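Structure first, commentary second.
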Amino acid sequence: MIQKPRGTRDFLPDEMEARRSIEAKMREAVRRWGYREVCTPEFEDLELFTLRSGEGIMQEMYVFEDKGGREMALRPEITAAVIRMYINEARVAPKPLRWCYFADCFRYERPQKGRYRQFWQFGAELIGADTATADAEVIMLAADALNATGVTWDLKVGHLAFMKNLLNDLEPAAQRRVMAHLDKKDFEGLAVTLADMGKGDLGESLTALVACRTLPEAFEIAGTIPDKERVERTTAILDESGVTYSLNFGIARGLDYYTGMVFEGFAHNLGAENQIVGGGAYRLAHLFGGDDIASVGFAIGFDRVMVSLGDVQPKKDTVVGIVCTNEGRSFALSVARAFRADGIRTEMDLMERGLGAQMAHASKSADFAVVIGAREAGAGQVTLKDLHSGEQKTLDPAAAIAEVKVHGAR
Ligand code: HAM
């Protein structure tokens, strides 16, 4: 028997309905902020992701050569693709652009609960606004989208300038090495790396920065940063808007393109893989041949949201099962058409078994049975049986449709 690839999942209809119901809540949340959906290809030129994604992601990429000898990659994330698309298609569009997406990504990671090789991100990118209000909008948007799903989680907001100020004397590659340790909260590795670089003295201030939770403390540790006023304004907007968050200047993010404000969210009830959202301000467009435009965005790990929510029971459709004899079949087909035309989910008998077997099947799969034998077909009527109460009536099709509609979803 052929199995699905490691780290991927199959989704049965119940699960897909649950996933779609949660996806719809996130879509509705971002719609209210004016974000409109975009879609990019599942694979791109490898270079799109190697230019500024960072070591971690590069090692996890699915890379292949196509038949034309081009090096391609399955997208490990969507941000780079969205910015490429902005440059290709929408460079001259009025700014800011508010875009969102719901799409699958591929990373060759060690699979475990909440960590998959194919996973879905629900994200947004705000392109062309370089202000504190823009930073705050994207944080609030991510919070709204996540809160709409019902997960309970903590929001941590930081800014890279503090860490970068402390690492000012290091080469960019060395800065990245240090930040990779901080991203993974690997303080032992950090100490070793700093010692190797002859920068052991930085350890104390970095550790203090990671532990501090207020702006004044952070300024005291890292010195005054050029974005001081912007950070203060962003946090003031969050405070005035009633957003619950904590400051965390240890957030380094795993991707290399961030330039300023960064944030992450952690679900309360997940284990090791509890980061359900990540985002921040970044610049990528100039690397792909565009203008040096500022952007802010985030991506929610949709699969982690689903794991965190556990058993989701979406609103169910009312289901009508058509049960008929061979003599009634042709009339039954027209009745089924009428039910569907009125928006009712209607399943026709296809097995051509006896009425008893059809009824047994309907009682497992439907809310109502519409029974049509020779007598009903001759009279242009149906016998409508409520499979929950057992009550049944003979009615004309329009009245049966009205009766089913009154019951609504169960
Ligand atoms: P990221 O933090 O790499 O950021 O991924 C965003 C979210 O995707 C994570 O917080 C996590 O919930 C989920 N995720 C990542 N890897 C996996 C996996 N293997 N299995 C399941 N879920 C996973 C980005 O991708 C950025 N593009 C976010 C962004 C958008 N920044 C600016 N705009």
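The values are calculated or read from the model by the stated rules, or taken from the named source; none is laboratory data. Only a predicted model underlies this, so the values are computations on that prediction, with no experimental measurement involved. So basically every Cβ, Gly included, is an ideal-geometry build from the backbone, and we count neighbours across all protein chains shown. Heads up: the accessible areas ignore ligands, DNA and RNA and are worked out on the full protein's heavy atoms, side chains in. Shrake-Rupley method; radii C 1.70, N 1.55, O 1.52, S 1.80 Å.
General observations
- Amide hydrogen proximity for ALA294: with H placed 1.01 Å from N in the peptide plane, the residues at 5 or more positions away or on another chain lying under 5 Å are GLY128.
- Based on the convex hull around the alpha carbon atoms, the chain presents an average projected area of 26.8 nm².
- Local electrostatic count, SER241, Cβ distance below 12 Å [Lys/Arg +1, Asp/Glu -1]: -4
- Cα→Cβ-extended label distance, 7 Å offset, between LEU12 and VAL406, nm: 3.5 nm
- In plain terms, the chain from TRP33 to LYS95 could stretch by 20.8 nm, reckoned as 0.36 nm per residue minus the Cα-Cα distance.
- Label sites at THR207 and ASN147, each approximated as a point 7 angstrom past Cα along Cα to Cβ, lie 3.7 nm apart.
- In Hz, Karplus ³J(HN,Hα) per residue of the range 361-371 (6.51, -1.76, 1.60; θ = phi - 60°; x = Gly, Pro): 5, 4, 5, 8, 10, 9, 9, 10, 10, 10, 9
- FRET E, pair THR214, ALA24, Förster distance 56 Å, beta-carbon r, rounded to 0.05: 0.90
- Computed over neighbours whose Cβ is under 12 Å from that of GLU44, the net charge equals -3, Lys and Arg +1, Asp and Glu -1.
- Length-normalised contact order of the range 142-262 in % [C-alpha pairs under 8 Å, at least 6 apart]: 46 percent
- Amide H to amide H distances under 5 Å link VAL277 with GLY265, GLY301, where only residues 5 or more positions off or on other chains count and H is placed in the peptide plane.
- Annotation for the range 17-48: trypsin sites (Lys or Arg not before Pro) lying in DSSP loop with at most 15 further Cβ atoms inside 10 Å of their Cβ are ARG32.
- Gain in span if fully extended, GLU109 to ALA195, counting 0.36 nm per residue against the direct Cα distance: 28.0 nm
- The fraction of accessible area contributed by carbon and sulfur in the chain is 50 percent, rounded to a whole number (1.4 Å probe; ligands and nucleic acids excluded).
- 23 Å Cα-Cα threshold exceeded, pairs from LYS113/LYS316; LYS315/LYS393; LYS4/LYS113: LYS113/LYS316; LYS315/LYS393
- Residue by residue, the range 107-124 carries 3J(HN,Hα) couplings of 9, 7, 10, 6, x, 7, 4, x, 10, 10, 8, 10, 9, 10, 10, 10, x, 8 Hz when phi is fed to the Karplus relation 6.51 cos²θ - 1.76 cosθ + 1.60 (θ = phi - 60°); x denotes Gly or Pro.
- The magnitude of the dipole of the range 1-67, with charges of +1 and -1 set on the Cβ of Lys/Arg and Asp/Glu and taken from the Cα centre, is near 440 debye.
- THR214 accessible area, assembled protein chains, probe 1.4 Å, Å²: 60 Å²
- The figure for MET140 is an accessible area of roughly 30 square angstrom, using a 1.4 Å probe on the protein chains alone.
- Between VAL323 and VAL370, VAL371, ILE372, the built amide H atoms are under 5 Å apart, and every one of these is 5 or more places off in sequence or on another chain.
- Percent RCO, i.e. relative contact order, over the range 219-278, from Cα pairs under 8 Å lying at least 6 residues apart: 20 percent
- Length released on extending from TYR62 to GLU327, taking residue separation times 0.36 nm less the Cα-Cα span: 89.7 nm
- In the context of the full set of protein chains, residues of the chain present 49 Å² of accessible surface per residue (probe radius 1.4 Å, heavy atoms only).
- Rounded to the nearest Hz, the phi-derived 3J(HN,Hα) couplings of the range 153-159 under the Karplus curve 6.51 cos²θ - 1.76 cosθ + 1.60 (θ = phi - 60°) are 7, 10, 9, 10, 10, x, 8, where x marks glycine and proline.
- Remark: relative contact order (the range 263-410) = 19 percent; criterion is Cα-Cα distance under 8 angstrom and separation of 6 or more residues.
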